[in-house]
Amino acid sequence: MFQVFFGRRPQASKRANQSTIQDIAPAELYHRLQTAESMLILDVRLSQEYAADGHISGSRLLPLPHLRQRANELPAHRPIVCVCRAGNRSRVACEQLARLGFSNLYNLSSGLVGWRLAGLPFG
């Protein structure tokens, strides 16, 4: 119907390529880290949360509100696993990074809540 009135189709909005973002479960991430796979664990929570609630050992803190401005600090050639408390902010972080051209992105699907429930170690 849109074409009839305006003569063209509406363009799709700019969205992150979902195929570049994969969910990863806590146990799978832990296993991959134990095999020395070179993955950057990017914690996108606030610094207060990172310090008070614990974090995955070796993770790098880059709060979501600063991600776009500091994305150039991230290695484009390594897989990046975005982490937050429950998996929502990290999903947003993955989508932002995908729009900036990053690929090989992972979202810790259940966040650090799932990490803790799985009994995995904190740093």
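Since every read-out is calculated from the coordinates, none of them should be taken as a lab result. All values derive from a computational prediction rather than experimental measurement. Note that we place each Cβ from the backbone using ideal geometry, even for glycine, and neighbour counts take in every protein chain shown.
Please list, in order, the residues from the range 81-123 whose amide nitrogen is less than 20 Å from a point placed 7 Å along the Cα→Cβ vector of Ala52.
Taking a point 7 Å out along Cα→Cβ of Ala52, the residues of the range 81-123 whose backbone N falls under 20 Å are 83-90, 111-117, 122-123.
So how do 108-115, 60-67 stack up, highest first, on mean other-Cβ count within 10 Å? Could the numbers behind the result be given before it?
Numbers: 108-115: 20.8, 60-67: 16.4.
Output ranking for 108-115, 60-67: 108-115, 60-67.
So if we plug the beta-carbon distance of Arg78 and Ala25 into 1/(1 + (r/R0)^6) with R0 = 30 Å, what FRET efficiency do we get, rounded to 0.05? Provide the component values of the computation, followed by the final result.
Working: r = 20 Å, r/R0 = 0.66.
Result of the calculation: an efficiency of 0.90.
For the range 64-109, report the % of Cα-Cα distances exceeding 18 Å.
On the way: 172 of 1035 pairs.
Summing the P(r) tail past 18 Å for the range 64-109 gives 17 percent.
What is the list of residues in the range 95-123 whose amide nitrogen lies under 12 Å from a point 7 angstrom out from the Cα of Arg68, following Cα to Cβ?
96-97, 99-100
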